[in-house]
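Quick notes on the structure that follows.
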Amino acid sequence: MQECRGCPLWRGTSQAVFGEGPLKAGIVLVGEQPGDREDREGRPFVGPAGRELDRVLELAGIDRDATYVTNVVKHFKFRERGKRRIHDKPTHAEAMACLPWLERELALLKPNALVALGATAGPARHRWISGGGRLMSDRVKAMMHRRMAEPGSAKR
C-alpha cells in the first residue's frame, strides 16, 4: 500500500495509514482519513478524533480493542497553514481511489457490523451493504444516546 499512487494525496504525506485491530473483530469502524498525528505515527485514530472515538465507544460500552479501525482514504489530505498541516476534506475521486484498499480489508475481516464515521465513509458503507453486509451505525447511535441519557452517565 505504501507504493499506492492512485491519487495525488501520497505527495507530502509521511505514509499511508492502514487499519488496525483484531482480524476477528465483529465491528469495523470506518472514518474519513488519517489526520496529522495518524500520518506521522502510521496508526489510525491516535489523534484528537481517536480520543473522541475512545470516549464515545466507552459511553456505548464497546471495547475499542475488540474493534477494527480504519479509514476510507489512506493518506492525509491537508493544506499548510504556517508550520501546521490542517485537515482538508478528500474529494469523491480521492475516496474512490482508496476504496479498493478498504474493500480488501473488509473482505479479509468479514465483520458482522460496519460503522461509517462521517460522510466520506458513505461510499464504502453503500458498497458493502449492497454486498450483503449489515450496517449498525443507527443502532450504535441509538445505544449511545440511551447511555448518555442514563442517570449518572459521564458527560465529558
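Only the coordinates and a few stated rules stand behind these numbers; no lab work does. Source: prediction; values computed, not measured. Glycine also receives a Cβ, built like all others from the backbone with ideal geometry; neighbour counts cover every protein chain displayed.
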For a quick protection proxy, order the peptides 78-90, 32-44, 16-28, 49-61 by their average other-Cβ count within 10 Å, most packed first.
32-44, 16-28, 49-61, 78-90
Can you give me the three principal axis dimensions of segment 35-120 from its C-alpha atoms, in Å, biggest first?
41, 29, 22
Fully extended, how many nm does the chain gain between Arg64 and Lys89 (0.36 nm per residue separation, minus their Cα-Cα distance)?
6.5 nm
If R₀ is 22 angstrom, what is the calculated FRET efficiency for the pair Arg79 and Glu52, using the beta carbon separation as r and rounding to 0.05?
0.50
Which residue, chosen from Leu57, Ala16, Ile27, occupies the Cα position most advanced towards the positive end of the dipole of segment 6-98, where the dipole is computed from +1 (Lys, Arg) and -1 (Asp, Glu) charges on Cβ about the Cα centre?
Ala16
